[in-house]
Amino acid sequence: MRAAVHTASNQPMRIEELADPTPKAGEVAIDVRSCGACHSDLHVLKGELPFPAPAVLGHEVAGVISEVGPGVTGLAVGDPVVTSFIMPCGQCAQCAAGNEEICLDFFQFNRAKGRLYDDETRLFRPDGDPVWMYSQGGLAERCVTPATSVYKVPGGVELADVSSVGCSTMTAYGALRHAADLRVGDTVAVVAAGGVGSALIQLAAVFGASMIIAVDISDEKLAGARELGATHVVNSAEVDAPAAIRELTGGRGVDVAFEALGAVPTFNVARDSVVEGGQVVVVGIAARGTTGEFDLATIARRKLQIKGSYGAKPRRDMPVLLDLVARGLLRPQDAISRRYTFDQVQEAYDALNRGEIIGRAVVDIS
């Protein structure tokens, strides 16, 4: 099969021929149709997140099951599916406690070493040299992943529209539903209107937020945010964003501010924009070593809540999201602004790095 292989930090991916991966027990193989281009991949490409190389990145997969490993039930060859970037092992202490978004094996084996849960990769060059996997390694014509991360796409939903559900949409849902427990009528600010920010805006509207304030430095992205459901927009390159948010909310600030980029300036905006007793939810993945500041006395006096959110609970939440898509209440395709062919995969990430992508870019593999 053809795969986009990451070989070294700040070097372009290159298309290589790899051996077709084969599923083991509890796994399936998927013929990939499309894969979203995510900032987390970009962090790896730039060396900002440690990860072994060579590796195949890509974790927003839509495709068709082509092979089913031993012990898999409920999935069959020919099923159209999407994957979640979190691949819960279903066995560790966190999964048993219902916290599969922080599955211990996922971080120990996949995020640390690029392997699945037998401590081996499924990807190899023709000479037998291993190639590591970032999640399922979806920037390839075929990928293998645990069945716990695979979900059938409902009838009438186009595969080309839903690859991002497994990462940006699921990440947004986890932040809204589990971290913030957003309620009807709450006011929110979404700081950074990129892929995850766009999904936060869409889902905040579904959740019944009364005011959704999008913050970004790009007027083009803010215009896109309005189309996705933002009630107000603030360009933080032109105005004092926290002050503008307080003015829009009658001086009180928002109930929840979501930081959706993983950077100090966006964290500072979120931190300074919430009402007393409000929540600052950090969703964006920052480069290792990035630190934000908070005055401890302010946290106590204003009873502020600082929370982290990493994805959602795939086995509970992915069916909910796909049902919302099937019923037309959630349209992830509206956030897709660019599509690239597989041969243009590096162009997609270069554009993402330049800040040119509004919402989400998708690489069409086949």
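The values are calculated or read from the model by the stated rules, or taken from the named source; none is laboratory data. Predicted model only: the values in this text are computed from it and were never measured. Cβ atoms come from the backbone with ideal geometry, glycine included; neighbour counts cover every protein chain shown. The protein model used for the area step is the full one, side chains on, heavy atoms only, and it has no ligands, DNA or RNA in it. Shrake-Rupley method; radii C 1.70, N 1.55, O 1.52, S 1.80 Å.
Suppose the filter is at pLDDT below 95, over 26 Å from Val77 (Cβ atoms) and either of a type outside the set (A, V, I, L, M) or open to solvent by 60 Å² or more (accessible area, probe 1.4 Å) (or both); does Gly114 pass it? When the stated conditions are applied, Gly114 does not pass them.
Between Arg301, Arg288, the distinction of being open to solvent by 30 Å² or more (accessible area, probe 1.4 Å), in contact (Cβ under 8 Å) with a residue 60 or more places away in the chain and not acidic (Asp, Glu) belongs to Arg288 only. Among the numbered criteria (1) in a helix (DSSP H, G or I); (2) open to solvent by less than 10 Å² (accessible area, probe 1.4 Å); (3) in contact with a helix residue (DSSP H, G or I) (Cβ under 8 Å, 6 or more places away or on another chain), which single criterion is violated by Leu222? The one condition Leu222 does not meet is (3). Of all the criteria given as (1) open to solvent by less than 10 Å² (accessible area, probe 1.4 Å); (2) under 25 Å from Asp118 (Cβ atoms); (3) of a type outside the set (Val, Ile, Thr), the one not satisfied by Leu75 is (1). Listed by first and then second residue, the pairs with beta-carbon distance under 7 Å, at least 6 apart or on different chains, first residue in region 320-349 and open to solvent by less than 60 Å² (accessible area, probe 1.4 Å) and assigned to a helix (DSSP H, G or I), second modelled with pLDDT of 95 or more and among the aromatic types (Phe, Trp, Tyr), are Leu321/Tyr173; Leu322/Tyr151; Ala348/Tyr340. Do we have Ala270 as at pLDDT 95 or above, in a loop (DSSP other than H, G, I, E, B) and touching a strand residue (DSSP E or B) at 6+ places or on another chain (Cβ under 7 Å) here? When the stated conditions are applied, Ala270 does not pass them. The criterion of being out of contact with any helix residue (DSSP H, G or I) (no Cβ under 6 Å at 6 or more places or on another chain), within 27 Å of Gly137 (Cα to Cα), crowded, with 24+ Cβ neighbours inside 10 Å and not aromatic (Phe, Trp, Tyr) does not hold for Ser198.
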